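Here's the structure, in structure tokens; my notes come after.
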Amino acid sequence: MATQVRETSVVSTTRRGRVWVVPNGRTVGLFAVLLAMCYAGASQSNGAAYLLCFVLVGLAFVSLVHAWANLRGLSVTVEAIPPVFVGEDVQVPVFVAATNHRPHFGIRVTAERGDAPLRDARIDPRTPSRIEAHFPAQRRGRHRRLNLEIASDYPLGFFTARQLLTVAQDYYIYPAPRGTAPCPRTLAPTRQPREGTRHEGDDFGGTRMWRQGESQRHIDWKAAARNPVLLTKQWSGEVDEILQFDWARLPGLDPEARLCQLAKWIVTAEHGFETYELRLPNRLVRASRGDKHYHECLRALAEFAEPAIEPSP
């Protein structure tokens, strides 16, 4: 349901920790096999069992070193994290590149509280790989920090190499759009140009560039024959219908339920190409519409903190 916008600029600050190599479930199995071989060699004086045991120990140590080296020389870049609603999955776009001109194998990137990816990635030295980390959006708000983990079981899987990444980037989780209250409608005076069909009493208010996804019925096709740029007609009238989404119109609901109802009204209005404004106790987002206005309103809901009530004397 969310209309997601991905920023073109990358403004993430990533702080990387040390690479650690830790045992995993396969390490326990390897240790059990080595104990069995040592017991067989000692009880039966079997030199072959000893030899095989020492070979496996050597392979295990070589695997440990290669697992550590496999995470060295990687460059991690995190793009802007698109906003989501509570209950959806936050998608973290991560680009991993090799800086030491050699391939890296079995790389996976996970977020805290997130699930492991379905498959591990190979990082080619010539082409960065895009990996998406997912985790559930549980708490609304403006979040400023995210912890990621880059890990690999390469080459033999006996050990897991891990490195923690701390990403300093703002991302938003909007309140879940739900509620049953009817959408309020108010006729309010406006002098702003309005797109759409001309009505009696309306004056021509000029044109603007047509945006992708808007109705093509309002395009000035005569101008399009002279200009390759598509333009949309705008009309200005005495009154225009503005939807006023007011916090005060939802008495009897707790704060989170009010935010969810306001979010539903905003989503419904935006999908219906309506003009709307948002009124909160500590903020007013004036009437408009479009993707920028839509996210401005939802960000105001995500950041909302109910003002403290002064105690009566």
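The values are calculated or read from the model by the stated rules, or taken from the named source; none is laboratory data. These figures come from a predicted structure and were not determined experimentally. Glycine gets a Cβ as well: all are built from the backbone with ideal geometry, and neighbour counts include every protein chain shown. For the accessible areas, the whole protein counts, side chains as well, though only heavy atoms, and no ligand, DNA or RNA atoms are used. Shrake-Rupley method; radii C 1.70, N 1.55, O 1.52, S 1.80 Å.
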Test for residue 133: is it within 30 Å of residue 101 (Cα to Cα), of a type in the set (A, V, I, L, M), out of contact with any His (no Cβ under 6 Å at 6 or more places or on another chain) and surrounded by 14 or more Cβ atoms within 10 Å (Cβ to Cβ): yes
Tally of residues being at pLDDT 90 or above and either open to solvent by 80 Å² or more (accessible area, probe 1.4 Å) or not hydrophobic (A, V, I, L, M, F, W, C) (or both) across the stretch 245-269: 8
For the subset of the stretch 98-147 comprising residues that are polar (S, T, N, Q), outside any loop (DSSP other than H, G, I, E, B) and more than 30 Å from residue 255 (Cβ to Cβ), which member is farthest from the chain's Cα centre (by Cα)? 129
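Looking only at the stretch 85-102, how many residues end up being open to solvent by 20 Å² or more (accessible area, probe 1.4 Å) and small (Gly, Ala, Ser)?
Within the stretch 85-102, residues that are open to solvent by 20 Å² or more (accessible area, probe 1.4 Å) and small (Gly, Ala, Ser) number 2.
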Of all residues in the stretch 254-291, which are in contact (Cβ under 8 Å) with a residue 24 or more places away in the chain, outside any strand (DSSP E or B) and closer than 19 Å to residue 305 by Cβ? 255, 256, 257, 259, 260, 261, 262, 263, 266, 281, 282
If I go through the stretch 44-66 residue by residue, how many of them are part of a helix (DSSP H, G or I), open to solvent by less than 70 Å² (accessible area, probe 1.4 Å) and farther than 26 Å from residue 154 by Cα? 3
